[in-house]
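The values are calculated or read from the model by the stated rules, or taken from the named source; none is laboratory data. The model shown is predicted, which means the values in this text are computed figures rather than measured ones. Every residue, glycine as well, gets a Cβ built from its backbone with ideal geometry; the counts of neighbours run over all protein chains shown.
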Amino acid sequence: MPTITNIQDLRALAARRIPRAIFDYADRGSYDEVTLRANRADLAAIGLRQRVMIDVDKRSVATRILGEDVTMPLAIAPTGLTGLFHGDGEILGARAAQAFGIPFCLSTMSICSIEDVRGAVKKPFWFQLYVMRDRGFSQSLIERAKAAQCSALVLTLDLQIQGQRHRDLKNGLAVPPRLTLANALDIATKPAWAMKVLFGKRRSFGNLEGRVGGADSLTTLAQWTASQFDASLSWKDVEWVRSIWPGKLILKGVLDEEDARIAAATGADAVVVSNHGGRQLDGARSSISALPGIVQAIGDQTEVLFDGGVQSGQDILKAVALGARGCLMGKAFLYGLAAMGEAGVTKALEIMRKELDISMALTGTGDITKVDRSSLVIRG
């Protein structure tokens, strides 16, 4: 086992342990991947202000998100196909997050179902909703989330139409994985992965299986998404969801200040500044470049969370310094899960927390809730 010291080590290990089609689904973006690269480059371009001779012996990275205590300002983002990165991946991710004291969000497009995960963990988790063409089915998902006592509903706004992801199409990504000759040869070299997935609870979309036509067939993910997602979605649908969901509501996929003000006016408890990890509109601005304007526009009304390229504790510190209450991590979570299962997720979280703690100390900060722009050096 190689020594794991950062998220890139987990990424490299994941690339060796799971099939290329699954790895690329997490790792790559849409079209020319301009926005995918900008998420990381723009975070890297923000410097941290080194301070010395300040007493930081007692430090805390704990905070509150949506009124709940968390051990650090981070949540695990909703990620589709998680149970194909490791058998029962959603359950393992939820367990790791809950043991660490941070929120876990289950995707509509998960492999394990809402009920599978709720039956395997001790505490409620967040549930992410895509509103389908069939509003009745969408309402049933909300009712199932209520029954599972989910502590927040995360409504994703930026996937009415799927951006083209070239690698997914070239890989023939399907759920369950399609056994083309190339994929079969790739899977044959990953026997440990195959056995874990084979003996997991499910191998298709657990929330949709048997409830939505085509969800458990061999159609490609892109084709199925195009047939089920609804380009007619509007703010009226957000109002509809708000009317039938009694709990905390998070709106994910806000990248524009005007949209942020509309989102806040719906009564949402939080918005997530996100460009879907560079997987939707290629050429959209990076999430970190959009964050300060959105915080200025609505930060006194609605909590602002950040999603987009978070792969280190330094990234978390930068986003919090720019006004985010907390961050979501997607790719880093999947790298850890694919590399080492639940232990890999825990390892990713430990790496993030240690990096955040040390970076705070070296910027002269003892309390994450007191971090502001004075900790940053913004070039240009």
## Note on the structure
By residue number, the members of the range 1-26 that are in contact (Cβ under 8 Å) with a residue 60 or more places away in the chain and β-branched (Val, Ile, Thr) are 4, 5, 7, 18, 22
### Message
Condition first: out of contact with any Ser or Thr (no Cβ under 8 Å at 6 or more places or on another chain) and surrounded by fewer than 15 Cβ atoms within 10 Å (Cβ to Cβ). Now tell me which residues in the range 363-380 satisfy that.
### Response
370, 372, 373, 374, 377, 378, 379, 380
### Summary
residue 164: passes all of (1) among the polar types (S, T, N, Q); (2) exposed (fewer than 14 other Cβ atoms within 10 Å of the Cβ); (3) within 23 Å of residue 103 (Cα to Cα) but (3)
### Query
If you go through the range 42-56 one residue at a time, do you hit one that is in contact with a His (Cβ under 9 Å, 6 or more places away or on another chain) and at pLDDT 95 or above?
no
### Message
The conditions are (1) over 16 Å from residue 109 (Cβ atoms); (2) of a type in the set (D, E, K, R); (3) at pLDDT below 85, and residue 196 fails exactly one of them. Which is it?
### Response
(3)
### Message
residue 2 - would you say it is out of contact with any strand residue (DSSP E or B) (no Cβ under 6 Å at 6 or more places or on another chain) and closer than 21 Å to residue 338 by Cα?
### Response
yes
#### Entry: Meets criteria (more than 19 Å from residue 311 (Cβ to Cβ), surrounded by fewer than 22 Cβ atoms within 10 Å (Cβ to Cβ) and of a type in the set (Asp, Glu)) for residue 69
yes
### Message
Can you name every one of the helices (runs of 4 or more DSSP H) wholly within the range 221-324 that holds 1 or more residues which are surrounded by 17 or more Cβ atoms within 10 Å (Cβ to Cβ), modelled with pLDDT of 95 or more and in contact with a Phe, Trp or Tyr (Cβ under 9 Å, 6 or more places away or on another chain)?
### Response
257-265, 287-298, 313-321
### Message
Among the residues that make up the range 301-317, is at least one of them in contact with a helix residue (DSSP H, G or I) (Cβ under 8 Å, 6 or more places away or on another chain), farther than 29 Å from residue 56 by Cβ and not charged (D, E, K, R)?
### Response
yes
### Summary
Selection from the range 1-11 of residues surrounded by fewer than 15 Cβ atoms within 10 Å (Cβ to Cβ) and assigned to a helix (DSSP H, G or I) yields 8
### Task
Only strands (runs of 3 or more DSSP E) wholly contained in the range 13-130 count here; list those with 1 or more residues that are within 17 Å of the chain's Cα centre (by Cα) and under 30 Å from residue 191 (Cβ atoms).
74-76
## Note on the structure
When (1) in a helix (DSSP H, G or I); (2) farther than 30 Å from residue 289 by Cβ; (3) at pLDDT 75 or above are applied to residue 205, the one that fails is (1)
